[in-house]
Every structure is written in C-alpha cells, then in structure tokens.
1. When all protein chains stay in place, what accessible area (Å², nearest 10, 1.4 Å probe) is found for R482?
2. Under a Cβ-only charge scheme (Lys and Arg +1, Asp and Glu -1), can you give me the dipole magnitude of the range 388-522 about the Cα centre, in debye to the nearest 20?
3. Would you mind checking the range 301-320 for residues with the amide N under 15 Å from a putative spin-label position 7 Å along Cα→C-beta of E236?
4. At a 1.4 Å probe, what is the % contribution of carbon and sulfur to the accessible area of the chain?
5. Grab the beta carbon distance between R73 and D513, set R0 = 51 Å, and tell me the FRET efficiency rounded to 0.05.
6. Enter the accessible area of Y328 (Å², nearest 10), with the probe set to 1.4 Å and all protein chains included.
7. Taking the Cα centre of the chain as origin and charging only Cβ (+1 Lys, Arg; -1 Asp, Glu), how large is the dipole, in debye to the nearest 20?
8. Measure out, as a whole number of angstrom, how far apart the alpha-carbon centroids of the range 354-383 and the range 443-517 sit.
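The values are calculated or read from the model by the stated rules, or taken from the named source; none is laboratory data. None of the values given here were measured: they were computed from a predicted structure. Here the Cβ is made from the backbone with ideal geometry for all residues, glycine too, and neighbour counts use every protein chain on show. Keep in mind that these areas ignore ligands, DNA and RNA; they rest on the heavy atoms of the full protein, side chains included. Shrake-Rupley method; radii C 1.70, N 1.55, O 1.52, S 1.80 Å.
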Amino acid sequence: MQRAIRKAAAATRRALSAAARAPPAPPRGPLAPGWGATRWLCSGREALSYDVVIVGAGPAGLAAAIRLKQLCRASDADLSVCVLEKASEVGAHVLSGNVFEPRALDELIPKWRQEDSPIRVPVSSDKFWLLTKNQAWTLPSPFDNKGNYVISLSQLVRWMATKAEELGVEVYPGFAASEILYDENQIVTGVATNDVGIAKDGTKRETFQPGVELRGRITLLAEGCRGSLSEVWEIEEGKHKPGSVIHTVGWPLDTKTYGGSFLYHLDDRQLAIGLVVALNYRNPFLSPYDEFQKFKQHRAVRKLLEGGTAIQYGARTLNEGGFQSIPYPVFPGGAIIGCSAGFLNVPKIKGTHTAMKSGMLAAEATFKSLVEGSSMELYWENLKKSWIWEELHKARNYRPAFEYGFIPGMALSALERYIFKGKSPYTLKHGRPDHEATDTANLHVPIQYPKPDGQITFDVPTSLYRSNTNHEHDQPPHLRLRDPTIPERVNVPLYAGPESRYCPARVYEYISDEKGDPKLQINAQNCLHCKACDIKDPKQNIEWTVPEGGGGPGYTVM
C-alpha cells in the first residue's frame, strides 16, 4: 500500500515539475469523492485536481491533512488530499523556539508518545525574568508549562509530513502558490503555482516552465503569519539543562515597546534563543536585529552563550491580535486555518496547539461538506464551541494592555491573571495598525548600537549565512515597490529610511547615487520571508510576493 502511495506521489511530483512538457489531456467528468489527481491542460497551464488542496505544510495544514485521511479511513471514504509547500523541503521555512503544548496532538495522534517523534524534552524548569541593564530579577512565572515540551518546530512538521504521507496525503515542497483560482461565480477552486525560469528582465530562460493549477473542491489556506528573531546555539555541557525554559521582559526594549525574549534548552546541548519585538514600535531608529544582538550582551545571557557556537539564525513575524482580531475564516470554496487566521495565545506565547486544532476542525467540516453535503459554515460554528475560542477569550486583554506602556501593561496583566482569571467584564481594544505607529524621525534620537564582537554578537551577513537562505538570482524581484518614489520622497526625509533597520536581513539598503543622494537598493536574495517589511513600512509601499518555489531560508533545527 505504502509503495503504491509513494509511486503515485512521485508521479504527481514529476507532473508538477515538468508541467510545460506534458502533453495536454482531456478534462474528466463531474467531480466526485475519490476522483484522484486528474490532469488536464487549462489556460496554457497544466491542471491537477484533488478533492482538497491545502496551501502550507505547517502545523495547521498538516493537522488538517492527517485528520481528513483519518476520517476517510473511519468512514471507508476516499478523498484525494494535496499539501503544497513553498519551501525547498517541509520545515525549511518553519521558525520557532517552541514550548509545545500537546493538547491538539493528543487528540490527533493519541499514541504519539509511543512513536519515534521529535517531542522528547519535557519542560524541567520555568523561569520569568525582568531585565534591567545590569540585573535579572526573578518574577513569578505566569506560563504554567507543566506537561509541555521544548521542541524544534521544523522537526515537528517534518515528522507530521511523514505521518500524513503514510495516510495517503500527497505533500509537495518546492512549489509556491502565487494565485488563487476562482470560477465564474467567484468561488475559490484552487491555487496556481508561479511560473519558473523567468529572468530578471522578464524573458524566459531555457529552464522556463509555466505554473501549474491545483484544483480543489475545497481549498484550505494555512500559510502562517504574514517579529521574532531567533538563533540556535550549541552551548557548553555544564551550562546545558534540557527542558529549562526562561522568558524575559524589559531591557533592552524601551518602556513604550512591547516585546520579550526566550531561552529554551533543547536536547544535544542546543539552546534556542530569541527576541520578540512588537512591530508597533514608535522609534524609526529602532533595529530589531540590533536589539537582539544587544540583548545577548546582558550578563545573565552572555555567560550562558560564552564558549558556545551559534549554528542557525532566522526571523519571522507573529500574529498578536488574538481574540479581537479573529476573522470570519470561511469563504466560498474553502477556509483559512492556523496562523493565517491568527490563533496565537499571546500570554502563553504559544500558537502551535491552537493552529493544529483549527486545522482539525476545518478538516472535519471539509469532510462533511464533501461526503455529506453540509456547509463549510460548520467550521466556524465548531470553532466558536471549541477550546480554542475559550482559551483565546480568556487571554484577550493581555496584549492590548501594553498599549498603555510597560508598567500599566504589567499591572493590567497581573489583574487579568490573578484576580479576574480571564473573566474580566471588559474587552480592551488594540491600537493603530503597526505601520501607522511609526513616529517621524524628528521626535527621536538615533540609536547607537555597539559593533558586533564576532563571538556573541554578529553582523547581518554572518547571521544570514547561518540561515541557509538562497534564491535564484536571475528571477523577477519578489519584493516590489508600489510607488518607487516613496523611499526617497517620503521615507528618508520623514522617517530616516526605516527600511534599512526594520528588516532583519538588510534586504533594504540606501546607497548614494552619482549626486550623493540616497537611493533605495533592494537585495531580494537576502530575504528570510519574515514579511516584516510588508507590515511595518510606514506607507505600505512594499508588496511581498512569492519567489520561485524552493527559495528562501533553509531552517533545520529551529
């Protein structure tokens, strides 16, 4: 059985990668459960058809795929399921220092503890520090991580992908969905991958292949969030405490900037360390990357890293809107799941378990829609009845409390946790969108960051090397300016060119032209796919689009 599944998957993978060379095939008849992966030529592109197309091989997308196939086996049904992933391999774009709550996995794969899963390090200690410039003050930990595990999320999704394929799911890394397909009634009918082999000047290279349409009766979008900076270190044996968890607030961030850090001890002497900086920070001179380097210089952190080796670096944005920002997730022809819909529990600093549960609920609604003819509205109804809804409702006031500053935020958070216990009679609102929060440069003084020492702190090129980031150089830029005059006409005079600082990969760089005037240069090959630019740019002038499939970072131990 598994050999047949692998052969079928390999055949479809060949169809995806050689779509331009395949001869046209006639359309099949009416769609029906179990119709398999049908192929035909449509609008100059080859089309592959499935019952369900899932975009994104993260925790939510793979949980949905696994749950769908479980339901098929339990009901003797046969639905074809495809998962599309833009990274070169599953997990290569997944970044998270992760304290994993196994609640959803217990429901999805109850016997996972008896298997060779990458979930091996239970939380052994849980500390919460308030940092000042020279001290680390221990506070009562609000996180309650008993029963949780310190994991690599990229390794978890690789394992989940294997479990999905064992059930008959077809998982295709290296193919970037760049277009949503609609029928004449504006119902979503699937996605299309981008053309590959197009040169920077728009001409077709010898390697050109047109994109492929992946048609689905139901399409689930699980693409993640549209700022966290992380590294994985190998530290000295005597300093390594498997399962130790430390979270911090305070220094180096100012009292008007929300954020914090994490230090998670994994196995094999590995330490995941990271800094989260809310992108509604006001100071245009703030550089999240340099704040992270500065954080590592704190004596409580530096002594842990000294003698160790940084082995991987990455950056990613997070959804912090919580309960107040959950959108209606159902659309004609499909649904949004996972962090695409924003199910992160901010005070817990956890979203994997809620993302997985949302995928499972969407899978159950999808199965009933395709097999029993019910509506995908069932996903929304069950979501509101689930423990996701209850959990996020209790946590709804923590993040917006910090709109009033660090000290009021801490006070309100303590009130929420210890007095109201998530049942407060009010709901706080969020402030302005992140891009509107940036002050003009004349209201702030430039921040002088220390030079990297090459041992604990590093320059951007060194960190980028550790991210394994790679893009085909001869392709159209995937980072585009809606108005190419705004950087020099608006961003430089008003905000002192913030693009060169909010990007943690130095994709955006101001260089002097022949007259000595600053001109924005975009180094798209450096892009970590964190999408901070798409969120933070003051005038929303940057459009982030997918590059050729397989491009971007190559995370392995994050």
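1. Approximately 140 Å² for this residue.
2. Charge dipole of the range 388-522: 740 debye, to the nearest 20.
3. So the set is 301-310.
4. Accessible surface attributable to carbon and sulfur in the chain totals 52 percent.
5. 0.20
6. Roughly 120 Å² of Y328 is accessible to a 1.4 Å probe.
7. For the chain, the charge dipole is close to 1040 debye.
8. Value for the Cα centre distance between the two parts: 42 Å.
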